[in-house]
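Inspection log for the structure reproduced underneath, given as structure tokens.
The values are calculated or read from the model by the stated rules, or taken from the named source; none is laboratory data. Since the structure is predicted, the reported quantities are computational estimates derived from the model, not experimental observations. Cβ coordinates were reconstructed from backbone atoms using ideal geometry, including for glycine residues, and neighbour counts include every protein chain displayed.
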């Protein structure tokens, strides 16, 4: 399958529609969902989209970075109909490149347990060295 990855700001509506076609739709809290997703797509420093020749959104990668030392992948998703085709790995490679390259950047993420195998396959490893300050109200739900 041919696709193109480019830096792109998605609209909140397109991103929410995409979430419904992926397994990412369960990673956000219900509280102020629409407001917060709008802020996310508007503000995230690394925003990549994989699209086919017709413009269909196949994959998304969002990350926050200082462009010097680290990149934190906040969102990585591929449409369920297109998993296993290398799109997720290609998005991760492009995100790392956009942040400053593998010779400069340490990449982190907090994966869903079902995605751990993917991250291990692309060379990431588990670590216990992450601290969390979490006082956010968080009601689980799935974007449908």
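Summary of computed values
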{"quantity": "Residues within region 86-123 that are surrounded by 13 or more Cβ atoms within 10 Å (Cβ to Cβ) and touching a strand residue (DSSP E or B) at 6+ places or on another chain (Cβ under 7 Å), tallied", "calculated": "15"}
{"quantity": "Residue 105 modelled with pLDDT of 95 or more and over 19 Å from residue 14 (Cβ atoms)", "calculated": "yes"}
{"quantity": "Residues (within 20 Å of residue 64 (Cβ to Cβ) and outside any loop (DSSP other than H, G, I, E, B)) located in region 17-30", "calculated": "18, 19, 24, 29"}
